[in-house]
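Read the structure below first, then the notes.
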Amino acid sequence: MSHYPNVGEVRTELFRFSNHLKALGIIYVLTAERLQEHDGVSHLGVEEFVLDNVIVLRNVLQAERRRRPIEIVKFRGAPHRTGEWLFTIDPTQGMVIIPLAFLTPREEASAAKVSTGTPDLDEMCGGGFYKDAIALLTGPTGAGKTLAGLMFANAAFEAGEKCLLYTYDETHDRLVRNARGWGMDLEAMERSGLVRVVSSYPEEASLEDHFLGMRREIEDYEPNRMVVDTLSALERIVAPRGLLDFVIALGAVLRQGEITTLLTSAPSGRFSSTPTPAIATEIASLADVNIEIRFVELSGERQRTIPSSSPAEPGTTREARTHWSSALSV
């Protein structure tokens, strides 16, 4: 249509063309290019007034990363969701909309609890995590986040439950080796079918594609528990808003399936007690349980501590220790 300089003529002919196809009972889709991402709805500025439905696809560059939002600008005579929603193009499914928060939630919250794998942490949490809870564990490098995730998976194995473990910081072989050093046979857990480990680097795919992979694994494996170690690694490939959208979308899938989940993340500094805003402020508000491991200096020694949120011991802090035979203790 850009070959026709008379915009009024384009509008008239487009209107006639649309009415003719409607009279024939034909459902049609017209595509048009746009010069910029936010330069108006259509190329000539008249198409949206003639047609019944208008959908805008964008390919936005944010913080040196591309995101593909889709927006329904107009959907005449029918209810629809407004605003931008992320989508990706999958080789097997074609265009896939990232659900964010519009999946149907479970009607009832679970009252059952499951073990974290650490008896002392179970005590601090009043008996463990609720079965449908999403827990966020934050701590600097070397604090024991991966160990906590492995113990959480081991608790699922011992309870006869299935656990899906995603790691973005370790290769599969290194994770197996580290688990063995803490007295856990990860390979035996995998052979039993009760633990499935997925190891990949964030840079291997876009965040949307990582989400699709997770959703496929959840649908295929149907786990009772899930571990994602760590969200901080995903910050390398996406802006903070994109990571927040990822957690919202993943949370919608997890809550629908009543999957007890442990997410881990790292603060901005090794000795910092304040996690990064992208993780702590926005993402922590989406979690049901927030646990923070800190490094503190006591008598010239560096020690790990976990602030207690238990009603039985409000405002207190416990020391956390790791040992090759007992793994993590609090």
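The values are calculated or read from the model by the stated rules, or taken from the named source; none is laboratory data. Computed from a predicted model, the values in this text were never measured in an experiment. Positions of Cβ are generated from backbone atoms using ideal geometry, with glycine treated the same way; all protein chains shown enter the neighbour counts.
Scanning segment 142-171 for residues that are in a loop (DSSP other than H, G, I, E, B) and aliphatic (A, V, I, L, M), we see that the one that is farthest from LEU231 (Cα to Cα) is ALA159.
Of all the residues in segment 107-164, those that are of a type in the set (D, E, K, R) and either crowded, with 23+ Cβ neighbours inside 10 Å or touching a His at 6+ places or on another chain (Cβ under 8 Å) (or both) number 1.
For VAL228, the requirement of being at pLDDT 95 or above, within 13 Å of the chain's Cα centre (by Cα) and crowded, with 17+ Cβ neighbours inside 10 Å is met.
Okay, residues lined up against (1) among the β-branched types (Val, Ile, Thr); (2) part of a loop (DSSP other than H, G, I, E, B); (3) closer than 26 Å to GLN93 by Cα:
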site: ALA188; (1), (2), (3): no, no, no
site: ARG191; (1), (2), (3): no, no, no
site: ARG196; (1), (2), (3): no, no, yes
site: MET214; (1), (2), (3): no, no, yes
site: GLU219; (1), (2), (3): no, no, yes
site: PRO223; (1), (2), (3): no, yes, yes
site: SER232; (1), (2), (3): no, no, no
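Comparison of GLY94, GLY40 shows that the only residue that is out of contact with any helix residue (DSSP H, G or I) (no Cβ under 8 Å at 6 or more places or on another chain), at pLDDT below 85 and farther than 30 Å from LYS131 by Cα is GLY40.
Of LEU254, LEU194, LEU262, LEU175, all but one fail to be within 20 Å of ILE291 (Cβ to Cβ) and either modelled with pLDDT of 95 or more or out of contact with any Ser or Thr (no Cβ under 9 Å at 6 or more places or on another chain) (or both); the exception is LEU262.
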